[in-house]
Amino acid sequence: SGVMSLLKPLLLDVVSTIQQTAALALGRLANYNDDLAEAVVKGNILPQLVCSLSEQNRFYKKAAAFVLRAVGKHSPQLAQAIVQCGALEMLVICLEDFDPGVKEAASWALGYIARHNSELSQAVVDAGAVPLLVLCIQEPEIALKRIAASTLSDISKHSPELAQTVVDAGAIAHLAQMILNPDAKLKRQVLSALSQIAKHSVDLAELVVEAEIFPVVLTCLKDSDEYVKKNGATLIREIAKHTPELSQLIVNAGGVAAVIDCIGSCRGTVRLPGIMMLGYVAAHSENLSMAVIVSKGIPPLCACLIEEHEDHIKAAAAWALGQVGRHTPEHARAVAVANVLPTLLAMYMDTHSSEDLQMKATLKSILQKCTYLPALEPLLHDAPPNIMKHIVGQFSKVLPHDSKARRLFVTTGGLKKVQEIKAEPGSLLQEYINTINNCYPEEIVR
């Protein structure tokens, strides 16, 4: 109906309330979808908004910042249009405004611009926003703290360099102090910002740890808010993944036990970062993997395989179990005793499983170490050839040295099953079968 061209002149009306209401109307239109946001840009409305930002009252500033945020949120191209019309400098000036509502609106708009990609995030940094955002998280207003923390998170996430600028402005110490804040929405943003800083490098993760977030952050895993739990577990995961030393530090603080409790007490995607964290810890070394086993980490990981419906969560649990079991026969046995191998095999063979799940459920890493035969036996009856060779291979390693196992292998029908396997002459599988057969007198094999 041509409403854009009717609203534009109202932005310069003599009556200030008309200006504000016109800006609000434009913001609501732009917020609705990207076509309307595009129309605001094409109608050349942004320069006019930016131009009057500095001299107008707080109500207009809030409305203008709302328009910029509404346009910038849709795509990198639209956010770029905001940068090009010189809006960042004006928004940064608004961060110094006396009115907390204006700071909040400006911080929100900057966050929506920065979240798209590293170039836009860099533009926000270059405009001088970071030190002012760090001041905003120290303000008394909870809403302002939340948005400022969220914007710092959006700036940090793209690259180590951007995260470093946030660190250099002294953000970590202030964020770390707010982990215990009673406001759940603030905690979500604070944990997210610390995660986005810690994920990039060992150095950045160590700086986050040095702010003494342990054991404080473990309380977040018991929080009633699902997102606080999830973001808390994500932060611990981002630190654990880097080095065995950082993982050991988390173990010493009681972090592994806390994450295991957390996985046991929730459902769905909230579990995902915790599952991955256990996998990362276990992957680093035999001792760290043993810490996961001793803290009773295997049963909840098995539960995730059975209870969860989404393939990516099952895949993460399968991967984590593989990391726990791949070190020594003792580790593999701990996983095998939980009776999880048949479940993994079924997922591997299920044609409905995603590719990723099939890849992570192959069992190979566990089987190559597993010498606990009672857990391998049931697999002989179902496994496809590429996995069968690993299973038969383990029997061929153990049976020659263990007379009790040899007897059992006959009585449970395992030896009979081995005779039914069709192996290529000269293949590795055929060698394994020959080794097993050589353990027994010929008439038993026949």
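In a shell of Cβ-Cβ distance under 11 Å around residue 381, excluding residue 381 itself, what net charge do Lys and Arg (+1) and Asp and Glu (-1) give?
After counting each charged neighbour, the total is -1.
Relative to the longest principal Cα axis of the chain, at what angle does helix 428-437 sit, 0 to 90 degrees, rounded to 10?
Value to nearest ten degrees: 40.
Nearest 10 degrees is fine. How inclined is helix 272-284 to the longest principal axis of the chain, computing both from alpha carbons?
Between the helix axis and the principal axis of the chain, the angle is about 60 degrees.
I want to check the label-to-label distance for residue 337 and residue 219. Put each point 7 Å from Cα in the C-beta direction and report it in nm to one decimal.
3.6 nm
Tilt of helix 142-156 relative to the longest C-alpha principal axis of the chain, in degrees (0 to 90, nearest 10)?
Approximately 60 degrees, to the nearest 10.
Relative to the present Cα-Cα distance, how much length would full extension add between residue 35 and residue 346 at 0.36 nm per residue of separation?
My answer for the length gained is 107.2 nm.
Using only alpha-carbon positions, what ratio does the radius of gyration of the range 252-301 give when scaled by 2.2 N^0.38 Å?
1.03
Among the listed pairs 314/404; 314/422; 229/369; 229/360, give every one whose C-alpha distance is greater than 28 Å.
With Cα atoms farther than 28 Å apart: 314/404; 314/422; 229/369.
Which of 378, 160, 244 moves most in a GNM of the chain, Cα contacts under 10 Å?
378
What are the semi-axes of the equivalent ellipsoid of the range 311-433, taken as the square roots of 5 times the eigenvalues of the Cα gyration tensor, listed largest first and rounded to whole Å?
Taking √(5λ) for each Cα gyration eigenvalue gives 24, 17, 12 Å.
I'd like to compare 264-277, 426-439: which one has the highest average count of other Cβ atoms within 10 Å, and what's the full order after that?
Averaged packing, sorted descending, gives the order 264-277, 426-439.
Mind checking which aspartates and glutamates have their C-alpha under 16 Å from residue 389, skipping anything on the same chain fewer than 8 residues away?
Output for residue 389: 377, 420, 424, 431.
Putting +1 on Lys and Arg Cβ atoms and -1 on Asp and Glu Cβ atoms, find which of 277, 242, 107 reaches farthest to the positive end of the dipole of the chain.
My answer, from the dipole projection, is 277.
In units of 2.2 N^0.38 Å, what is the alpha-carbon radius of gyration of the range 230-385?
After normalising by residue count via 2.2 N^0.38 Å, the value is 0.97.
Could you order 234, 21 by accessible surface area, starting with the largest, using a probe radius of 1.4 Å?
Largest accessible area first, the list is 21, 234.
How far apart, in nm, are two points set 7 Å out from the Cα along the Cα-to-Cβ line at residue 5 and at residue 252?
Placing both labels 7 Å beyond Cα along the Cβ direction yields 7.1 nm.
So how far, in whole Å, is the C-alpha centre of the range 20-95 from the one of the range 102-153?
Comparing the Cα centres of the range 20-95 and the range 102-153, I get a distance of 16 Å.
Below 11 angstrom from the Cβ of residue 264, what's the summed charge of the other residues (Lys, Arg +1; Asp, Glu -1)?
+1
Mind checking the full-extension length gain between residue 386 and residue 267? Use 0.36 nm per residue of separation minus the Cα-Cα distance, one decimal, nm.
Between residue 386 and residue 267, full extension yields an extra 39.5 nm.
Going Cα to Cα from residue 157, which lysines come in below 16 Å? Please leave out same-chain ones fewer than 8 positions away.
Those lysines meeting the cut-off are 199.
Counting residues in the range 180-320 as N, plug N into 2.2 N^0.38 Å and put the Cα Rg over that result.
Taking the Cα Rg and dividing by 2.2 N^0.38 Å, one obtains 0.96.
How are the C-alpha pair distances of the range 213-255 spread across 10 Å bins, as whole percents from the shortest bin up?
Final binned percentages: 31, 55, 14, 1.
Return one whole number: the accessible area per residue of the range 110-236 in Å², for a 1.4 Å probe.
On a per-residue basis, 38 Å².
Normalised by the number of residues in the range 390-445, what is the relative contact order in percent for Cα pairs under 8 Å and 6+ residues apart?
Relative contact order comes out at 46 percent.
Using only the alpha-carbon atoms, what does the chain span along each of its principal axes? Please give whole angstrom values in decreasing order.
107, 49, 33
Tell me the accessible surface of residue 13 in square angstrom (1.4 angstrom probe, heavy atoms of protein chains only), to the nearest ten.
That residue has around 40 Å² of solvent-accessible surface.
May I ask you to compute the full-extension gain from residue 142 to residue 412, defined as 0.36 nm times their residue separation minus their alpha-carbon distance, rounded to one decimal in nm?
90.6 nm
Under a straight-distance cross-link criterion of Cα-Cα below 19 Å, which lysines are reachable from residue 8, leaving out those fewer than 8 residues away in the same chain?
Residue 8 reaches 42, 61, 62.
At 7 Å along Cα-to-Cβ for each site, give me the label-to-label distance between residue 307 and residue 96 in nm.
Simple spin-label model gives 5.3 nm for this pair.
If you add up the charges near residue 306, with Lys and Arg at +1 and Asp and Glu at -1, over every other residue whose beta carbon is less than 15 angstrom from its beta carbon, what do you get?
Net charge around residue 306: -2.
Taking the Cα atoms of the range 390-445, what is the range of coordinates along each of the three principal axes, in descending order and whole Å?
Sorted largest first, the three principal extents are 29, 20, 17 Å.
The values are calculated or read from the model by the stated rules, or taken from the named source; none is laboratory data. A quick note: this is a predicted structure, and the numbers were derived from the prediction, not measured. Note that each Cβ is placed from the backbone with ideal geometry, even for glycine, and that neighbours are counted across all protein chains shown. Remember, those area values only see protein heavy atoms, side chains included, never the ligands or the DNA or RNA. Shrake-Rupley method; radii C 1.70, N 1.55, O 1.52, S 1.80 Å.
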